Structures are given as C-alpha cells and as structure tokens.
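Peer 1: Quick one: structure below, then a few questions.
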Amino acid sequence: MGKVILILKALILDKEAIKQLSDPKNNWKLLSMCITVLLGLVYGYTSISINSETIASFETPLLRETIVPALFLFFGFLMILITKVGLSLLLWAGSKGLSGQGLLRVLYRNTTVALIPSVIALPAFISQQVGTSLTTLMILSMIVSIIWIYLICSKIVEVTQQFVPWRAFVAVLLAFVFFMSIYYIILPPATA
C-alpha cells in the first residue's frame, strides 16, 4: 500500500515520492509491471471500442469475439511497452545531452508513473490514428494528458539527474519534440 501512495504522490509531482521511487533499494518492479499491463489493457480495450464496427464485420464468432479482441489487447500492451522504452531512452538522451548522469534504469522505472496520465488521452490518440473525428473533450483530454506527462517527466529528470528545474524542463522538451515526431502525435488524422 505504501508504494501505491508513493505513486499517487509522484503523480501530483511530489519530489520526495519520486526520490523514494528512484531509490534502488525500493523494489517496485512487480507493481511497475502491473501498471504497464493495466495501461496496455486499457489501450487495447479503447482500441476495441473505437474499432467495434470493424470487429463486428468479421464473419466467424471466433474471430469477432475472441481472436481479434485478444490481438487488440496484446498490441495495446505492446504499444504501451514500446512507448515506455522509447520515452525512457529519450529522457536518458535528453538528460545526457544536458550533462546529466543518465541513469537509464532509474528513468525506465519512473517512466511507468509518467505514463499513467496517458489513460485520459487514449480515446483521442486512438481516434486520431484511425482517422475518426475528435470531439472537443477528446482534444482537451489530450492537451491535459500531454502537459501532465511533461510535468511528471520534468520532475523525474530533475530529481534523478539532480538538475535545476529549467534544465529538467529543457531536457524533457527535447525528448518530447523527438518523441512526438516519432509517434506522429502532432500530425493530423488521415483523411479518406
């Protein structure tokens, strides 16, 4: 229960909680993996919901009700895992680029916490990928989520690299610009 409270405190940008989560003696690998799996399942479920018409078009019940939804859930987990690895590497590169220690293992561990706010933007991200129109609420949730993730990543870099705040903000900004260009988050949806 103590680790869950630390994670909640880290989500509200508590530097002491991030410092405790970064401590190598504080082993929360299992909880981190559970959070990653849950985020992946949420991503997969959101993909299933948005693509429900496509899934319903399959002829056999086995495909419609089992195989295709299972694939969406699996690829949802895979996307979150790839995102976690990619964000960790970019935070590491941004930190090293601004004379930080790097500490990839610590950044990777804390990136789990940074990805939690992405849940509120998943419908917008997935809708954008499949080319469906975005509502005002979706756009607002995407903006809030990106800003929240940015702030958490900045605190993580500030604490783990022992940076002054402006240096952490710049390191994360560099990582985000590159990250967004890779995942095409800032590109408009495909037009039919």
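Peer 1: Given only helices, namely DSSP H runs of n ≥ 4 each adding -39500 (n - 2.57), what is the per-residue ellipticity at 222 nm of the chain, to the nearest 500 deg cm²/dmol?
Peer 2: For the chain, the value works out to -24000 deg cm²/dmol.
Peer 1: Got a sec? Charge dipole of the chain, +1 on Cβ for Lys and Arg, -1 for Asp and Glu; which of M138, A121, S52 is way out at the positive end?
Peer 2: A121
Peer 1: How far, in nm, would the chain grow between V177 and I120 when pulled straight, counting 0.36 nm per residue and subtracting the alpha carbon separation?
Peer 2: Stretched out fully, the V177 to I120 stretch lengthens by 18.5 nm.
Peer 1: Work from the charge dipole of the stretch 32-186 (Cβ charges, +1 for Lys and Arg, -1 for Asp and Glu, about the Cα centre) and give the residue of A171, L71, S99 farthest towards its positive end.
Peer 2: Of the options given, the answer is S99.
Peer 1: Which of rounded, prolate or oblate describes the stretch 119-169 when judged by the alpha-carbon gyration tensor and an a/c cut-off of 1.5?
Peer 2: prolate
Peer 1: Can you classify the stretch 25-95 as rounded, prolate or oblate using the Cα gyration tensor, where a ≥ b ≥ c are the square roots of its eigenvalues, rounded means a/c under 1.5, and otherwise it's prolate if a/b beats b/c and oblate if not?
Peer 2: The shape class here is prolate.
Peer 1: Expressed as a rounded percentage, what relative contact order does the chain have, with Cα pairs under 8 Å and six or more residues apart?
Peer 2: Relative contact order here is 25 percent.
Peer 1: Separate question: Let's test this: bin the Cα-Cα distances of the stretch 32-186 at 10 Å from zero up to the farthest pair and state each bin's percent.
Peer 2: Bins of 10 Å from zero give 11, 37, 31, 15, 5, 1 percent of pairs.
Peer 1: Additional query: Dipole size in debye (nearest 20) for the stretch 32-186 around its Cα centre, Lys and Arg Cβ +1, Asp and Glu Cβ -1?
Peer 2: Computed about the Cα centre, the dipole is about 600 debye.
Peer 1: A further question on this structure: Where does each of W28, W166 land when they are ordered by accessible area, with a 1.4 Å probe and the largest first?
Peer 2: W166, W28
The values are calculated or read from the model by the stated rules, or taken from the named source; none is laboratory data. None of these values were measured; they are calculated from a predicted model. Don't worry about glycine lacking a Cβ; one is built from the backbone with ideal geometry, like all the others, and counts go over all protein chains shown. Surface areas here come from the heavy atoms of the whole protein model, side chains and all, with no ligands, DNA or RNA. Shrake-Rupley method; radii C 1.70, N 1.55, O 1.52, S 1.80 Å.
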